[in-house]
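Sharing a structure here in structure tokens format.
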Amino acid sequence: MSYKLQLSSVTTFIFDVDGVLTDGKVHLINNEVVRTLNSRDGYALQYAAKMGFLVFVITGGNSTAVQDRLLKGGVKEVVLKAKNKLNVYDNLKSKYKFTDSEVLYMGDDIPDFNVMKQVGMATCPKNAAVEIKKIATYQSPYNGGEHCVRDVIEQTLRVQDKWFKTEAHEW
């Protein structure tokens, strides 16, 4: 099945943070960890939420600043310090009543592997780990932190004729 055809059944987006929403670099400034998020990714996350999609983030990281920023941008839930992402995924699925076939998940490294094996649409950035690229249905032409999230959201919404709708731009 073509990946574009699979996008037509997506209702739920789930993303990792480090290496997906960021370039994977961690800057230490005055003993504080600082990450850079891409504004185009942020816009796409808001847009998807505004158009009725469920949007979640599951990360092993512990940045409450990233969590706050994403929640303000329309992400439904941000799960920090996820030791077992598959357990977190199963809990979200039970809580929000979505099915595996409705989920587009983007991850970049080994902690994402088990969730990606379970979801309907496994995606990754261009610079993901080799093991992740092997199981991804779609590999973005963009690296993590360089609007790979925007890429998969925009493609999904275009397939579903929900991209560039005037009502979503009226914040």
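With the requirement that a residue be aliphatic (A, V, I, L, M), within 14 Å of the chain's Cα centre (by Cα) and in a strand (DSSP E or B), what does segment 9-31 give you?
Filtering segment 9-31 down to residues aliphatic (A, V, I, L, M) leaves 10, 14, 17, 20-21, 26, 28-29.
From what is left, the residues that are within 14 Å of the chain's Cα centre (by Cα) are 10, 14, 17, 20-21.
Passing the criteria: only I14.
Only one of these conditions is not met by V26: (1) within 19 Å of G144 (Cβ to Cβ); (2) buried (at least 19 other Cβ atoms within 10 Å of the Cβ); (3) hydrophobic (A, V, I, L, M, F, W, C). Which number is it?
(2)
Kindly indicate the residue of segment 47-60 that is outside any loop (DSSP other than H, G, I, E, B) and either touching a residue at least 60 places away in the same chain (Cβ under 8 Å) or over 16 Å from the mean Cα position of the chain (by Cα) (or both) and also surrounded by the most Cβ atoms within 10 Å (Cβ to Cβ) among those meeting that condition.
A48
Any chance segment 102-114 includes a residue that's in contact with a Phe, Trp or Tyr (Cβ under 6 Å, 6 or more places away or on another chain) and in contact (Cβ under 8 Å) with a residue 40 or more places away in the chain?
The answer is yes; a qualifying residue exists.
Would you check which residues across segment 118-157 are of a type in the set (G, A, S) and surrounded by fewer than 21 Cβ atoms within 10 Å (Cβ to Cβ) and list them?
G120, A129
Going residue by residue through segment 32-46, is there one that turns out to be touching a strand residue (DSSP E or B) at 6+ places or on another chain (Cβ under 7 Å), at pLDDT 95 or above and either buried (at least 16 other Cβ atoms within 10 Å of the Cβ) or part of a strand (DSSP E or B) (or both)?
yes
The values are calculated or read from the model by the stated rules, or taken from the named source; none is laboratory data. Bear in mind that the values here come from a model prediction, so they are computed numbers and not experimental data. A quick note on method: Cβ atoms are made from the backbone with ideal geometry, for glycine too, and the neighbour counts reach across all protein chains shown.
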